[in-house]
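Below is one structure; the comments refer to it alone.
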Amino acid sequence: MKKIILSCMVLASLLLSLKVSAYDTTFVYGVTIDDISGLTNVVNALNRHDKKVTVRIVFDEWMPAAYYQTAVNQIYDSSYIMGELLDSYVMSQYSLAQYVARSNEYLNLLGSKVYIWEIGNEINGEWLGSTSSVVAKMDTAYKIFKAAGKKTALTLYYNKDCWENPLNEMFRWVNTNVPAHMKTGLDYVWLSYWEDDCTGLQPNWQVVMDSVGKIFPNAKIGIGECGTSDTSKKTLYVNKYYGIQVNHPRYVGGCFWWYYKQDCVPYTKPLWTVINNAMNNVLLPVSGESEIEFPTQYKLFQNYPNPFNPGTFIRYQLPVSGSVSVKVYNVSGSEVRTLVQGIKSAGTHSAYFDGTALPSGIYFVRMQINGGKQYSSIKTMILLK
């Protein structure tokens, strides 16, 4: 009888291990939960998504790991979990010894059900404390989780032209302070970006991610944190960030909308549908583990959804890099929006058209290559409010 019981225990442990190791890394549909109260509604909202989401659970400062055990168990049943060991804004409150103790405590209790461990959040942020202390905590936690065979993630704070101390500029900080063994050993590198904090800067994500990928040659990369407290911008930002297109063999999306609990729980809140639709509209790479396949002809696709309210995705493809123009016109022929203007690389791209400020009606999207000399196409779109 004892042998049978032991065999069942071993089998259960093996099945648990297989479930964690079976994480689908092709693309990550991320959301953030920073508050586990009302857990039934949280789990219900997560379960209803068409895609299997990866949930970042923010483990609050000075809370024991046991506080999160029930939430982790319930969320784990239907979602993947990334555990944020400690938020960047409270990292300075912890000594190295306390950070180490926290790492071991959370690993020992929750390690079997948390697939990714975010060992450093917005690690180059100017509010985390002295650089030497930050690096020591980051590196020590990384070694603890790596030694246990866990997946590790580091989130960087993208702050081009919006830093106070140039030493904290993301690329400069990373090149100076992230040890070589972490640069080659990290499993995920995420970028946190809050454009409201950077005066609306619109990064060239292809260039940014290519640069990150070179520094971290073995890590999967993506957007690790985004959001806005401005109600009027939430729909626009959700569609913008979940719709980012990057032609990189290790780009896996992410996004991890920070205000998911506030905006999408219960699931009847309007933004839950916006996020669910945005996830469904993600243009996946051909393979998450191989080179991106490029199209053989120019093409402007029909927008989706159509009719739409208030926004829609417009996809287009290029067999070679070139000068691209994608503009939207009303029925009078007047230009109402320039979506794309400039050189784009070969591949399939996506632009988001936000019609919030426009009246219902018929609109036209026109794509031209090299001023229309190589290619020109027009599609009809319907904004229905």
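The values are calculated or read from the model by the stated rules, or taken from the named source; none is laboratory data. The structure displayed is predicted, hence computed values, not measured ones. Note that each Cβ is placed from the backbone with ideal geometry, even for glycine, and that neighbours are counted across all protein chains shown. These accessible areas exclude ligands, DNA and RNA; they are computed on the full protein's heavy atoms, side chains included. Shrake-Rupley method; radii C 1.70, N 1.55, O 1.52, S 1.80 Å.
Here is the list for region 323-380: trypsin sites (Lys or Arg not before Pro) lying in DSSP coil, each with at most 10 other C-beta atoms within 10 angstrom of its C-beta, are K373. Between S360 and S332, the modelled label-to-label distance comes to 2.0 nm, taking each label 7 Å out from Cα in the direction of the beta carbon. Each residue, R48 and V340, gets one label point 7 Å from its Cα in the Cβ direction; the gap between the two is 3.4 nm. DSSP beta bridges confined to the chain are antiparallel in about 50 percent of cases. The fraction of accessible area contributed by carbon and sulfur in the chain is 53 percent, rounded to a whole number (1.4 Å probe; ligands and nucleic acids excluded).
One chain, two ends: T296 and A148. Fully extended at 0.36 nm per residue, the span grows by 48.7 nm beyond their Cα-Cα distance. Per-residue extension of 0.36 nm, minus the Cα-Cα distance of Q202 and V90, leaves a gain of 37.5 nm for this segment. Using a cutoff of 8 angstrom between alpha carbon atoms and counting only pairs six or more residues apart, the relative contact order for region 157-233 works out to 36 percent. Taking 0.36 nm per residue of separation and subtracting the Cα-Cα distance, full extension of the segment from I378 to N280 would add 32.8 nm. Sites counted here are GluC sites (Glu not before Pro) in a DSSP loop (not H, G, I, E or B) having no more than 12 other Cβ atoms within 10 Å; the longest part of the chain that contains none of them is 1-163. Assuming a ≥ b ≥ c are the square roots of the Cα gyration tensor eigenvalues, decide whether region 264-385 counts as rounded (a/c under 1.5), prolate (otherwise, with a/b larger than b/c) or oblate. Taking the square roots of the gyration eigenvalues as a ≥ b ≥ c, region 264-385 is oblate. For the pair region 85-148 and region 315-385, the centres of their Cα atoms are 45 angstrom apart.
Ligands, DNA and RNA are left out, and with a 1.4 angstrom probe the accessible area of the chain is 44 Å² per residue. To the nearest 0.05, what FRET efficiency results for F171 and D34 with a Förster distance of 30 Å applied to their C-beta separation? That gives a FRET efficiency of 0.60.
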